[in-house]
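See below for the structure under consideration.
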Ligand SMILES: Cc1ncc(COP(=O)(O)O)c(C=O)c1O
């Protein structure tokens, strides 16, 4: 392996092929006729005429992009309005928008930590959180998924004066939920900050889609920092941090992905603002979405699928073997339904799965189609039957495993 001829990359690719882990980009057609259960457009509002009109007006007025960081070119009224609307919607004092949910996590977590901080991170946290913890100068303890005891232990035995506990509220892959009330109590008694990524909760959890922090009765509570994306329920593209004003002021001065990144495009800000207005007028949308999720989950269990109970819009159907999961996805497409497939390193070895995203806009005949497909049941290769899932596998997968994190406590 010399490096300059890229032979090592070709070798890694061959190893990933052998393990069933190659990824392929496929064209996205405008006129495809598949029912979309793969994207994160949870409220089915990304094509809503009111959302498009708001974005188009902003596009015409402000141009195609933000042109620079807001610290260079200034803040548009659209940025300020969206920040006020987000902080009102989530019940927290202040907000700051970023160009993506990814950069919101990187900016918030790196700016709120240093060498005198311990970061305690759930093993199932999203890649953007993992990357943020790696970029921080903090000591990082990855704790087993949803283990309150491990969080408590990590905080109790820390040597650093400050600590952040970072979790998703509804987890992106399994669709299960963190116990925010218990985590907050642990953080408060240990003098730690709780950072909650609400990417899969805003617009989905709570009567008006205020998110899980609010639904847990913690809206506006001190010591909580919320991160979120505008790219799922909020139908556009971008991210935000919602927190106390002192935190937001600190981010303006210190969050590198705010300072050194071109600002959120004004059209995206306008689109998400339009979604928040629609949510206020159509408060039934989040409840409808959750009801559909529970209905489909009941059908899945009855048909023999292994599937964690959905706490939001994510319905995870575990298949096991990565090739079997890809083949199952192809079958669903043949049946007219586009679903996601998650394989390592996005999920642990042996737990490849189909990932369906429930949408508020599914019509009765869409649901009937999905139920028919669910009723065929899972393919025969089930969890644990992946013959290639063994502990040494990460040694042979080269770059593909570098996204994964394992608990350190
Ligand atoms: C939990 C979580 N956080 C952050 C992100 C990143 O958001 P964005 O796509 O806006 O960068 C995602 C996106 O998939 C996510 O699922």
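Throughout, read-outs are computed from the coordinates displayed, never taken from laboratory work. Quick caveat, the model's predicted, so the values are computed rather than measured.
Evaluate the Kirkwood expression for the hydrodynamic radius of the stretch 279-323, namely the inverse of the mean inverse distance over all pairs of different C-alpha atoms, and round to one decimal in Å.
Computed over Cα pairs of the stretch 279-323, the Kirkwood hydrodynamic radius comes out at 11.8 Å.
For the stretch 172-308, what is the percent of antiparallel DSSP beta bridges, rounded to the nearest 5?
50 percent
Contact order normalised by length for the stretch 145-226, with contacts defined as Cα pairs under 8 Å and 6 or more residues apart; what percent is it?
28 percent
Taking N as the number of residues in the stretch 250-299, what is its Cα Rg relative to 2.2 N^0.38 Å?
Its radius of gyration relative to the 2.2 N^0.38 Å reference: 1.82.
How would you classify the stretch 182-308 from its alpha-carbon gyration tensor, with a ≥ b ≥ c the square roots of the eigenvalues: rounded for a/c under 1.5, else prolate if a/b is greater than b/c, otherwise oblate?
Because a/c hits 1.5 or more and a/b fails to exceed b/c, the stretch 182-308 counts as oblate.
Using just the alpha carbons, could you tell me how many Å³ per residue the convex hull of the stretch 82-135 encloses? Don't skip to the answer; put the middle values down first.
Details: hull volume 5.5 nm³, N = 54.
It comes to 102 Å³ per residue, whole-number rounded.
Given the chain, what percent of its DSSP beta bridges are antiparallel, to the nearest 5?
Percentage antiparallel, nearest 5: 50.
Over the chain, with a Gaussian network built from C-alpha contacts below 10 Å, which listed residue (136, 212, 121) shows the highest mean-square fluctuation?
136
Just check the stretch 1-147 against the gyration tensor rule for me: Cα atoms, a ≥ b ≥ c as the square roots of the eigenvalues, rounded for a/c under 1.5, and otherwise prolate or oblate depending on whether a/b exceeds b/c.
Oblate is the answer for the stretch 1-147, as a/c is 1.5 or above yet b/c matches or exceeds a/b.
Take every Cα-Cα distance within the stretch 1-87, group them into 10 Å bins from 0 onward, and report for each bin the whole-number percent of pairs it holds.
With a bin width of 10 Å, the distribution comes to 11, 23, 22, 21, 21, 2.
Per the Kirkwood definition applied to all pairs of different Cα atoms, how many angstroms is the hydrodynamic radius of the chain?
22.1 Å
Past the 26 angstrom mark, what percentage of all C-alpha to C-alpha distances in the stretch 117-235 do you count?
Cα-Cα pairs of the stretch 117-235 separated by over 26 Å account for 14 percent.
Computed over the Cα atoms of the stretch 100-187, what is the convex hull's projected area averaged over all directions, in nm²?
With the hull built on Cα positions only, its mean projection is 5.2 nm².
Under Stokes-Einstein, with the Kirkwood radius over Cα pairs standing in for Rh, what whole-number D in µm²/s applies to the stretch 240-362 at 25 °C and 0.890 mPa s?
Here the translational diffusion coefficient equals 139 µm²/s.
Is the C-alpha gyration tensor of the stretch 194-245 telling us rounded, prolate or oblate? Criteria: a/c under 1.5 is rounded; beyond that, a/b larger than b/c is prolate, otherwise oblate. Mind showing how you got there, number by number?
Values: a/c = 2.40, a/b = 1.31, b/c = 1.84.
It is oblate, given that a/c is not under 1.5 and a/b is not larger than b/c.
Between the alpha-carbon centers of the stretch 259-309 and the stretch 69-114, tell me the distance in whole angstrom.
Cα centroid of the stretch 259-309 versus Cα centroid of the stretch 69-114: 20 Å apart.
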